[in-house]
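Taking it in order: structure first as structure tokens, then the write-up.
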Amino acid sequence: MVTTAAVTGESPSITIASTTSTENSGLFAYLLPLFTAETGIGVRVVAVGTGQAIRLAASGDADVLFVHHPPSEHKFVADGFGLARHAVMHNDFVLVGPSEDPAGVMGMTDVAAALLRISGAEYVFASRGDDSGTHKKELALWEAAAIDPRPASGTWYRETGSGMGATLNTASGMDAYALTDRATWTRFGNKGNLEILVEGDARLHNPYGVIVVNPDRHPHVHAAQAKGFVDWLMSERGQKKIAAYRVDGRQLFFPDALPDTAGER
Amino acid sequence: MANGAHPAEKREYPELATANDHPLLPLVARQLRFDINGCQIIRNISFWIGSSGRTVILGPNGAGKTVLLRLCHGLIHPTDGELRWGDLSVAEARAQQAMVPQRPVLLRRSVAGNVQHVLGVKRVPRKQRQDLVAAALEQAGLTSLASRPARTLSGGQQQRLAIARACVLRPAVLLLDEPTTNLDPGAVREVEEMIRAVGAAGTKILMTTHDIAQARRLASDVMFLNDRRLLEHASAAEFFSSPKDEVAARFLDGELLD
Amino acid sequence: MNPGVNEFSSAIGAAISMIVTLDPGLVEIVLLSLRISLSAVIIASIVALPLGALIALQPFPGRRGVVVLLNALMGLPPVVVGLMVYLLLSRAGPLGPMGLLFTPTAMIIAQSIIVFPIIAALSRQTIADLHEEYDEHLRSIGCTPMQSVLTLLRDGRYRLLTGIMAGFGRAIAEVGAVLIVGGNILHSTRVMTTTIALETSKGNLALALGLGLILVVLALSVNGTALVISDAAQRRYG
């Protein structure tokens, strides 16, 4: 089994620190076996919030960092924890909410304006509240709307401190608005009364980056296999596989390193 | 009259036959005292037990009989005074004694298992254990119950098991504390028969009771205790016909002593 | 239709279908759960049983405080243990070089710590009670301390077993610590409880509930067996 091999460190196997959104989307369950089959390198994924994933990688508890918050990722590399950031794929965030849409934001193309309407009338909003990539994106959008919702935390602004799926469960149970990545939403099995209300705003772009943890910083890191993984992801083959991942017929992730998609960035 | 100031050097009771070859006799006590939390439980008791017959410590409840027995067995230590079994100290003598307390503790095992446990503790070679267990159970009349859980036995059966377990290695002395309290007459008879048989086989019996009739049935000599003092020590014949101590006489008359 | 009821009946359906088809995913996580919790209990028992007996039998200064502490540690929050073990095993931590984080070994370590006070406290209680009952008899027949301990352990074996099973029940139901130190990695450190948490977070409530039902049956069986054993022993030996 991959596990015991990983512990001895002799056979090739790597640990990826990634996010709950990526895990919940099912991408890894689809992609990683393909990689292992081709290279013989086993992959173990620890899925936590982006903030926690970065801390994991910084302590050397993972070989690869695979998250979706470019500012933090660039800092990670600048601080010497990672070798280089590779833009591997993207999708987008969507604003979901109750089908009755009391705030009347359905169809809006300006997500900041939508948030303004929601907060103005104090309709319930479920936030990740966990320092994740999604959370940081959400806070950036509030800032764009010139609102700080945090003082209202505990009233209409509910910080769940949980992963994407758990937060969606909470939103579903409370008929609340929430920001989610499209991939997790598509796969999510408990949508309840919620549906996508706002999408398409350029600010909802969700880029993913992959970084090899710096072996100079943490010599025990399986750098060769980690690089092998990143190379595979960024190769035409890997990129095509990412594009081929479908849920309910929908493509969830859009590769960033394929020659014909490079322009979409 | 007598209040415990019996000199222990002399043989006070010539009418009691002495056991000359018994390894643990005479049992000699000198000015024995036992206090707990400042309370005197045993007051200045001296005696001399040399006979190989069945010595019964008789007295009302609360007289200190159980405590005296436990002192003799070494489960507790006297606050003051001396106690010796023949040439041995109490601690040294304990290995050749066995005691059956008022409520015997039976292990959570079978009847046979309880006897086997003692043999294991005393490191008897395994080959000999089976026969010893069988003999002990037969002596107690418990052979058919050998594999029954010991704690499911009736009161009388448990008592017989406790005695058999105590005697499996033929101790030099068997101490029993109120061995038939709460037993029905049939069980009392069976237990008393066992005690006689054990005594007849050469074990010195030292037992306590508050039951005058039982003392009459079993005693060769009687030590009368009241209110934590030894008031009289005489042969059974002497004691029951004409007790020297007037408190003892009142007790034998059926009076309630305070 | 009431969504809760619908969920429940799909859950039972999911559970039954997984069991009947011996779904390999299910088998894998059940076996891993059992392996981790059983290992934890065995390791904890090896230390806890003798330690409990020792505390029960050997007076030492401060013993009362130790007993109170041991009983209090039964309430140690598992997630806190998980966090502490995580900090210990992380590469940034003292035991980092051993590379144990995110492995079943880490989960066994965490669960052993959680389960240890339960077994030690119950073993101490059992031995102390038996000692009080047996002490005079054992002294009378001249038991050495070692013989005493062995007698007490042997006669207390059913109660001790019940304590061990209580520890197992705690371990198999635990989710916080194993999630933190194990990382819930597919095919590696994913057990029943963490799978339930994951499927719930994916909104797959029926599946999560189905797994939950299986876990409940497992836990009930263990506790039920413990009860039957101790009951039978009680009736037989008293």
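Coordinate-derived values only; no laboratory data. These figures come from a predicted structure and were not determined experimentally. Please note: Cβ atoms are built from the backbone with ideal geometry, for glycine as well, and neighbour counts cover all protein chains shown.
Which of rounded, prolate or oblate describes the stretch B:126-257 when judged by the alpha-carbon gyration tensor and an a/c cut-off of 1.5? Note, shape of the stretch B:126-257 comes out prolate. Compared with the alpha-carbon gap, the fully stretched path from C:Glu136 to C:Asp23 is longer by 34.9 nm at 0.36 nm per residue. The separation of the stretch A:197-265 from the stretch B:203-246, counted between C-alpha centres, amounts to 101 Å.
Note on C:200-211: average number of Cβ atoms from other chains within 10 Å of each residue's Cβ is 5. First check a/c for the stretch A:92-204, with a ≥ b ≥ c the square roots of the eigenvalues of its C-alpha gyration tensor; if it is under 1.5, answer rounded, and if not, answer prolate when a/b is larger than b/c or oblate otherwise. The shape class here is rounded.
Beyond 21 Å in Cα-Cα separation lie the following of the pairs A:Lys240/C:Lys202; A:Lys191/A:Lys240; A:Lys75/A:Lys137; A:Lys227/C:Lys202: A:Lys240/C:Lys202; A:Lys191/A:Lys240; A:Lys227/C:Lys202. For B:Ser51, the amide hydrogen comes within under 5 Å of the amide hydrogens of B:Ala19, counting only partners 5 or more places away or on other chains and with H modelled in the peptide plane. Dividing the convex hull volume of the alpha carbon atoms of chain A by its residue count gives 131 Å³ per residue.
When peptides A:59-67, C:153-161 are sorted by average Cβ neighbour count within 10 Å, with the highest value leading, the order is A:59-67, C:153-161. For the stretch A:92-204, averaging the sequence separation of C-alpha pairs within contact (under 8 Å, six or more residues apart) and dividing by the residue count gives a relative contact order of 48 percent.
Taking a temperature of 10 °C and a viscosity of 1.306 mPa s, what whole-number D in µm²/s does Stokes-Einstein yield for chain B with Rh from Kirkwood over alpha carbon pairs?
After rounding, the answer is 85 µm²/s.
How much of the DSSP beta bridge set in the protein assembly as shown is antiparallel, as a percent to the nearest 5? Kindly include the intermediate steps, with their values, before the conclusion.
Numbers: 46 of 80 bridges.
Antiparallel bridges make up about 60 percent of those DSSP assigns within the protein assembly as shown.
In this structure, the amide hydrogen of A:Asp61, modeled 1.01 Å from its nitrogen in the peptide plane, lies closer than 5 angstrom to those of C:Arg91, counting only residues at least 5 positions away or on a different chain. Pop out the ³J(HN,Hα) list for the stretch B:51-61 in order, Karplus 6.51 cos²θ - 1.76 cosθ + 1.60 with θ = phi - 60°, rounded to Hz; leave Gly and Pro as x. Here the 3J(HN,Hα) series is 7, 8, x, 8, 8, 10, 8, 10, x, x, 4 Hz.
Sorting B:Phe251, A:Phe125 from the fewest to the most surrounding beta carbons within 10 angstrom yields B:Phe251, A:Phe125.
Put the Cα centre of the stretch B:75-137 next to the Cα centre of the stretch A:127-182 and the gap is 75 Å. Relative to the first principal axis of the alpha-carbon coordinates of chain A, what is the inclination of helix A:111-120, with its axis defined by its Cα atoms, in degrees from 0 to 90 and to the nearest 10? Relative to chain A, helix A:111-120 is tipped by roughly 50 degrees.
Compute the Rg/Rh shape ratio of the stretch C:24-237: radius of gyration over Kirkwood radius, all on alpha-carbon atoms. Present the calculation step by step, with values, prior to reporting the outcome.
Details: Rg = 19.5 Å, Rh = 18.6 Å.
That ratio is 1.05, to two decimals.
A simple charge model with +1 on the Cβ of Lys and Arg, -1 on the Cβ of Asp and Glu and nothing else charged puts the dipole of the stretch A:92-204 at about 200 debye relative to its Cα centre.
With the simple spin-label model, which puts each label point 7 Å out from Cα in the Cβ direction, the B:Ser154 to C:Leu38 separation comes to 4.7 nm. Shielding value for B:164-171 is 1, the average number of Cβ atoms from other chains within 10 Å of each residue's Cβ.
Shown in residue order for the stretch A:204-214 are the 3J(HN,Hα) couplings computed by the Karplus curve 6.51 cos²θ - 1.76 cosθ + 1.60 at θ = phi - 60°: 8, 4, 10, x, 9, x, 10, 9, 7, 5, 5 Hz (x for Gly and Pro). Computed over the Cα atoms of the protein assembly as shown, the ratio of the radius of gyration to the Kirkwood radius (Rg/Rh) comes to 1.23.
Counting Cβ atoms of other protein chains within 10 Å of each residue's Cβ and taking the mean over peptide C:91-99 gives 4.
Among the DSSP helices (H) of chain B, those spanning at least 15 angstrom by Cα along their long axis with an average Kyte-Doolittle hydropathy of -0.5 or more are B:111-121, B:155-167, B:185-200; this is a geometric and hydropathy rule only.
Entry note, the protein assembly as shown: the mean residue ellipticity at 222 nm calculated from DSSP H runs of n ≥ 4, each adding -39500 (n - 2.57), is -16000 deg cm²/dmol after division by the residues and rounding to the nearest 500. Close amide-amide hydrogen proximity is noted between A:His90 and A:Tyr208, A:Phe254, A:Asp256, each under 5 Å apart and 5 or more residues distant or on a separate chain (H modeled in the peptide plane; Pro and chain starts excluded). Listed by Cβ neighbour count within 10 Å, with the fewest neighbours leading, B:Leu132, B:Leu175 appear as B:Leu132, B:Leu175. Sequence-ordered 3J(HN,Hα) estimates for the stretch B:234-250 from the Karplus curve with 6.51, -1.76 and 1.60 and θ = phi - 60° stand at 8, 5, 4, 4, 4, 5, 6, 7, 9, x, 7, 8, 6, 5, 4, 4, 5 Hz, glycine and proline given as x.
For the stretch C:24-237, what does the relative contact order come out to in percent, with C-alpha contacts under 8 Å and a separation of six or more? Numbers along the way, then the final one.
Working: 250 pairs, mean separation 61.2, N = 214.
Dividing the mean separation by the residue count of the stretch C:24-237 yields 29 percent.
Helix hunt in chain C: which complete DSSP H runs extend at least 20 Å axially by C-alpha with mean Kyte-Doolittle at least 1.6? TM-like helix candidates: C:24-57.
Helix A:133-144: angle to the longest alpha-carbon principal axis of chain A, degrees 0 to 90, nearest 10? With rounding to tens, the tilt is 40 degrees. With the simple spin-label model, which puts each label point 7 Å out from Cα in the Cβ direction, the B:Leu88 to C:Leu69 separation comes to 4.3 nm.
If R0 is taken as 25 Å, the Cβ-Cβ distance between B:Ala95 and B:Ile212 corresponds to a FRET efficiency of 0.15.
Taking label positions 7 Å along the Cα-Cβ direction at both B:Asn182 and B:Leu257, the computed distance is 2.5 nm, reported to one decimal.
What you get for the protein assembly as shown, charging only the Cβ of Lys and Arg (+1) and of Asp and Glu (-1), is a dipole of about 2180 debye around the Cα centre.
Taking N as the number of residues in the stretch A:85-149, what is its Cα Rg relative to 2.2 N^0.38 Å? If you can, show how the numbers build up before the last one.
Numbers: Rg = 12.9 Å, N = 65, 2.2 N^0.38 = 10.7 Å.
This ratio for the stretch A:85-149 stands at 1.20.
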